[in-house]
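Note sheet for the following structure.
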Amino acid sequence: MADKTAGMHELWPKLLEVVRNRRRFAWILLGQNANVLSYDGTTLTLSWNNQGAYDNFISSGSRGVLEDALAELLNPPPAIELVVQGKTPPSLAHSVPEGQAAQVHVSVAVTTADPSPQPGESAASTLQLVLAQTAFLMYEQGNSRAAALLSDVEDVELVPGNRFGDWEDAVLIVPPYLVPRFTEEVTAAIQPVFEHVAGRHGLDIGGITAAPALPEIDGHWRQILQERLTAGTASNQASRARAKRTAPPSTGTASSSTPVRKCWSTRR
């Protein structure tokens with residue numbers, strides 16, 4: 001087969017754009033971690049520089065998105081081979097039902113030099129790393145306001161982005177008084193940077209919001225709350241009493257001490 005790798009390099013940006021329109025998560029993984037290794041007209045081999053991103057690409061079903069994108073641009077679509085760090089260990093051929101043009105050969109490789117997360121690394125620590133790197137990138141981009149707000153974020157939680165669970169949204173947990181400062185303008189500036197950083201760690205983030213941190217309570221919370229409610233009521237009563245004492249006198253009716261001017265008429 002003729003070597004058509006150069007032609008695939010030229011087509012690669014367009015292929016990524018088609019993938020992006022189909023699924024943003026697949027586009028992030030491919031764009032940040034995969035490169036065209038070879039293409040002979042029938043088989044496209046992609047090299048992955050990150051074992052963790054490769055695993056996420058396979059487990060998330062993003063391979064199917066790539067197949068569909070190739071079928072949209074090429075007829076017939078080529079078979080797909082995926083390798084990690086350019087190594088080509090024995091591949092596991094995935095059979096394709098008869099009638100489908102595309103074949104997929106997935107090569108499994110284990111590398112020791114890649115920066116993928118260690119087995120003991122928790123999702124929480126990954127989110128904290130994403131938060132920290134986003135804050136520093138915002139600062140380096142000259143957005144000190146957003147960087148300062150991110151430095152006050154206490155935690156990051158993930159919630160389903162839709163009812164199908166196709167992606168997750170990030171919720172920034174902040175002190176209640178800071179929630180109003182995460183305006184639409186600030187959030188719009190943070191979101192693409194946060195999504196980019198999360199994607200490089202294999203996380204598919206569809207959006208971000210800010211939510212107040214839950215108050216810390218203990219077993220005596222009822223007593224504490226009642227005391228605060230009582231103190232608040234007393235404070236409100238005192239404020240009303242002070243307002244009543246300092247209120248100006250009403251001018252709706254004439255005072256009894258106001259002199260009355262009498263008019264006398266003289267008959268001739």
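Search the range 136-165 for residues being surrounded by 13 or more Cβ atoms within 10 Å (Cβ to Cβ) and free of Cβ contacts under 8 Å to residues at least 12 places away in the same chain, and hand back the single one that is nearest to residue 215 (Cα to Cα).
Here the residue is 148.
Taking the options 49, 33, name whichever one is at pLDDT below 90, surrounded by fewer than 17 Cβ atoms within 10 Å (Cβ to Cβ) and either of a type in the set (Ser, Thr, Tyr) or within 20 Å of residue 202 (Cα to Cα) (or both).
After ruling out the rest, the residue left standing is 49.
The values are calculated or read from the model by the stated rules, or taken from the named source; none is laboratory data. It should be emphasised that the depicted structure is a prediction, and the values quoted were computed from it without experimental measurement. Glycine also receives a Cβ, built like all others from the backbone with ideal geometry; neighbour counts cover every protein chain displayed.
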